[in-house]
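Undergrad: Could you have a look at this structure, given as structure tokens, before my questions?
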Amino acid sequence: MTKNEKRFPLQLSSVMDSAKQQTHRQSISAHLVKTATPQTATQNAAKHGASKQDAAKNSLRSSSLSPNPTTKSDQTSSNVVSSRPLVSDGVRRAMVARVAQQGVKDRLVLAALEAIPRHLFIESGMSSQAYVDASLPIGHHQTISQPYIVARMIEIMRNDGKLNRVLEIGTGCGYQAAVLSLVAKEVYSIERIKALHELAKNNLRPMRIANIRLHYGDGMLGLPQVEPFDGIILAAAGMEVPKALLEQLAIGGRLIAPVGGAKQVLQLIQRTAKHEWQSSILEQCHFVPLHQGVI
Ligand code: SAH
């Protein structure tokens, strides 16, 4: 994380109070796109080649912005691409309800999931799949994580506590970082694939989220220059949790990571003292692999 490091080129605030969070939510929901192109989704990004982050997505995005986030303007935006199915607040609410049914209870996390327009993080061709509770390809053999697992991991990490500084390993398209920005004061996220780091910047820029800092680098090394973190979340699975990340966890902090190869489980690690960590194994999961180095 030295000369390759890049910071999210937006104004950053180190502290975000709840009033600001509310403003966030509103500015985020103002970016809702109400239309989408149907396309068969796959949960296996490995079957796909690199995806094109096409200009159409951006033009659809900007042409569909609603000046009033509370206005249900499906009709207004449907004239952008009138024959396409709608991606509305209701569809996202239904997704959040399904995530809650699966056992996620943390209201703050559920509210964050409801506030973030997931369809803006995937190719416009797959927007109609955005609120299916599944991972989807984002190119470069990587995926946007399944909403349930995003919510579950953040809930476990948060444990109903206050999160000041959190670190995400594996930014991907930036979706989880956006969700995290509504539950933590400061979000740092590292991505090892340059093109995805750029994609996340492009996805997040219009949302004007002030408390996310994106870094290009090897997340296995963490961010020693800004440790300690109250929470660390890995979005890619290694055979074990990198030692550097354990060291960068605050005492009392919680790290959640998928661990394993073909079979993976969620591992929760709590730092209880300077030289003491406690680990527990939670549910099964399936993530793309954690790799060393940058590309
Ligand atoms: N957080 C994403 C999911 C990303 S998928 C979401 O919002 O849905 C996992 C990501 O981890 C991939 O983009 C992959 O390139 C990245 N990754 C894998 N190993 C990494 C490492 N050592 N450092 C940083 N990123 C890594």
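Undergrad: Take the residues in the range 172-220 that are within 12 Å of the ligand (Cβ to nearest atom) and among the polar types (S, T, N, Q), then tell me which one is surrounded by the fewest Cβ atoms within 10 Å (Cβ to Cβ).
TA: Ranking the candidates gives Asn203 first.
Undergrad: Also, quick follow-up: Do we have any residue at all in the range 139-147 that's open to solvent by 40 Å² or more (accessible area, probe 1.4 Å) and more than 12 Å from the ligand (Cβ to nearest atom)?
TA: no
Undergrad: Anything in the range 257-295 that is in contact (Cβ under 8 Å) with a residue 60 or more places away in the chain, of a type in the set (Val, Ile, Thr) and touching a Lys or Arg at 6+ places or on another chain (Cβ under 9 Å)? List them, or say none.
TA: Listed by number, the residues that qualify are Val294, Ile295.
Undergrad: Something else now. Within the range 114-132, identify whether any single residue is open to solvent by 10 Å² or more (accessible area, probe 1.4 Å), touching a helix residue (DSSP H, G or I) at 6+ places or on another chain (Cβ under 9 Å), of a type in the set (Lys, Arg) and touching a residue at least 24 places away in the same chain (Cβ under 8 Å), and answer yes or no.
TA: Within the range 114-132 (the criterion being open to solvent by 10 Å² or more (accessible area, probe 1.4 Å), touching a helix residue (DSSP H, G or I) at 6+ places or on another chain (Cβ under 9 Å), of a type in the set (Lys, Arg) and touching a residue at least 24 places away in the same chain (Cβ under 8 Å)), the answer is no, since none of the residues qualifies.
Undergrad: Still on this model: Any idea which residue in the range 149-170 is nearest to the chain's Cα centre (by Cα), counting only those that are within 12 Å of the ligand (Cβ to nearest atom) and open to solvent by 10 Å² or more (accessible area, probe 1.4 Å)?
TA: Restricting to residues being within 12 Å of the ligand (Cβ to nearest atom) and open to solvent by 10 Å² or more (accessible area, probe 1.4 Å), the top hit is Gly170.
Undergrad: Just to be sure, is Pro258 within 16 Å of the ligand (Cβ to nearest atom) and more than 16 Å from Met153 (Cα to Cα)? Lay out the reasoning, then the answer.
TA: Values: within 16 Å of the ligand (Cβ to nearest atom): yes; more than 16 Å from Met153 (Cα to Cα): no.
No, not satisfied.
Undergrad: Taking Leu249 and the conditions (1) more than 18 Å from the chain's Cα centre (by Cα); (2) surrounded by fewer than 23 Cβ atoms within 10 Å (Cβ to Cβ), which numbered condition does it fall short on, given that it satisfies the others?
TA: It is condition (2) that Leu249 fails.
Undergrad: Mind checking which residues of the range 221-235 are open to solvent by 10 Å² or more (accessible area, probe 1.4 Å) and either within 10 Å of the ligand (Cβ to nearest atom) or acidic (Asp, Glu) (or both)?
TA: Leu221, Glu227, Asp230, Ala235
Undergrad: Here's a follow-up. Can you pull out the residues in the range 179-196 that are among the hydroxyl-bearing types (Ser, Thr, Tyr) and either touching an Asp or Glu at 6+ places or on another chain (Cβ under 9 Å) or modelled with pLDDT under 95 (or both)? It would help to see each step written out before you state the result.
TA: Residues of the range 179-196 that are among the hydroxyl-bearing types (Ser, Thr, Tyr), as a first pass: 181, 188-189.
Once the filter is applied, which keeps residues that are among the hydroxyl-bearing types (Ser, Thr, Tyr) and either touching an Asp or Glu at 6+ places or on another chain (Cβ under 9 Å) or modelled with pLDDT under 95 (or both), the range 179-196 yields Tyr188, Ser189.
Undergrad: Restricting attention to the range 197-243, which residues are in a strand (DSSP E or B) and either more than 22 Å from His291 (Cα to Cα) or at pLDDT below 95 (or both)?
TA: The answer is Ile212, Asp230.
Yes/no per residue for (1) open to solvent by 20 Å² or more (accessible area, probe 1.4 Å); (2) closer than 21 Å to Gln146 by Cα; (3) within 12 Å of the ligand (Cβ to nearest atom):
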{"position": "Leu268", "(1), (2), (3)": "no, yes, no"}
{"position": "Glu276", "(1), (2), (3)": "yes, no, no"}
{"position": "Glu283", "(1), (2), (3)": "yes, yes, no"}
{"position": "Val288", "(1), (2), (3)": "yes, yes, yes"}
{"position": "Val294", "(1), (2), (3)": "yes, no, yes"}
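The values are calculated or read from the model by the stated rules, or taken from the named source; none is laboratory data. Quantities reported herein were computed from a predicted structural model and do not represent experimental measurements. No Cβ is skipped: glycine too gets one built from the backbone with ideal geometry, and neighbour counts run over all protein chains shown. Just so you know, the surface numbers come from the protein's heavy atoms only, side chains and all, with ligands and any DNA or RNA stripped out. Shrake-Rupley method; radii C 1.70, N 1.55, O 1.52, S 1.80 Å.
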